[in-house]
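*Asks:* Below you'll find the structure I mean.
The values are calculated or read from the model by the stated rules, or taken from the named source; none is laboratory data. Since this is a predicted model, take the numbers as computed values, not measurements. No Cβ is skipped: glycine too gets one built from the backbone with ideal geometry, and neighbour counts run over all protein chains shown. Just so you know, the surface numbers come from the protein's heavy atoms only, side chains and all, with ligands and any DNA or RNA stripped out. Shrake-Rupley method; radii C 1.70, N 1.55, O 1.52, S 1.80 Å.
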Amino acid sequence: MSGIFRASNLLLIITTGLMALTLWMIFFWVPTESNQGNIQRILYIHVPVAWGSMLAIMFVAAASIIYLRTKNEVWDRIAVATAETGVVFGALMLITGMVWARPVWGVWWTGEAKLTTALILFFIYIAYLMFRAYFPPGAQRQRLAAIIGFIGAVDSPIIYYAANLWSQAHPPAVIGPSADGDSAFSSEFGMTLMVATLAFTMLFIYIAWERFAIRETEDALVEIKRTIGEPEPAH
Amino acid sequence: MITRAIALLALTAIALSLFAGSGTASAQGGSQKTSGTVVGVATDENGALTRLAIADSGGNIIEFSVEPSTEYGLETQAGDRWVSTQASGSVEVVSRLRDHQDRFAPVTVTSENGVALSVVERESGKLETNLGFLFAVFAITWAGFFAYIFFLSRKQRVLQREVALLRASIDSTNDD
């Protein structure tokens, strides 16, 4: 356990350093974008948290499926930890996107494909966690939770490609396989976005790790209570 | 737990959004510049533009009438620029403005007494700083992450204390 916490502290130090570098790049290094002005700096937060929310659901689906095959509790803990982290990243993805859209588009929200599929992903996270919280423990709960996670994982590539498939107000992808190689996001813009994405990925791993450790302690507590015959807490 | 975290984020967002509004109009040499998105286009029976409405980043809707000398400089999504005046492009400008409306592409209107002198792509030199919105995003993001990490560390401490107490209790029972 202590080894895990030492590694977690190291991860926190690396994440803090990367975050400090990210903030310096966002506010002091990257030039102001000519069309949107300072408001464009929001995208260095919005894009990485959106990436984190999509990464999380991939982990949830993969860990759930592996758990169903191996019945190893570690994978179940990973699924829960990444789902809860995904909710936080998903909520921030929606909020930061709305705050960016208000001055740039003149509205907080539109019903276009990218935004709607992102909202669906957030609801899938909520559904996953609520389902796990209220459904009785057992194999059936794990199977159904895995299906919800898998649906979320299918939604992720749809979110990523939505702006390119259904061209509307949302800017198209600027990183990844569907990004335009000649897009304005080159040099300083691209570099800042990459560092920010790396920093938020590390933050995602740190938070999921902490949540995993809590889940491990919760399971240990259940085991002890089972040994001494006390009622088990529900989780 | 999740409900509490989401409620905290939502409340923070609402509170900060109250401070996030920003003005859009700026005076310059008697004329006024307004940047924002097109929210309304009115035409006469021939399909020629008569009025247009712009929503600025503060949510204010401002209406403008046009005159024959009103100048247009609007770009397509691909970046091709179309330049004309109300006298020669009054019908074409309607479809151009509606395209901007559909894409939420911002424009800058230079006006005098409610009459548009020019309608062009949003001028980068006249951008509003919108620092309130920028502040709101960073404040919400960091408040959200810090609150969640604080919650996690507190929960971990409580659980570890409970585990230690139970283990100690088991050990003392075994000793007896």
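*Asks:* Could you pull out the residue among B:Val94, B:Val83 that is in a strand (DSSP E or B) and either at positive phi or among the aliphatic types (A, V, I, L, M) (or both)?
*Replies:* Sole residue among the options that is in a strand (DSSP E or B) and either at positive phi or among the aliphatic types (A, V, I, L, M) (or both): B:Val83.
*Asks:* Restricting to the stretch B:154-176, name every residue that is at the interface with another protein chain (Cβ under 7 Å from one of its Cβ atoms) and under 29 Å from A:Phe89 (Cα atoms).
*Replies:* Hits for the stretch B:154-176 are B:Lys155, B:Gln156, B:Leu159, B:Gln160.
*Asks:* I've got another one for you. Restricted to the stretch B:15-40, and to residues that are open to solvent by 30 Å² or more (accessible area, probe 1.4 Å) and part of a strand (DSSP E or B), which residue is modelled with the lowest pLDDT?
*Replies:* Out of the qualifying residues, it is B:Ala27.
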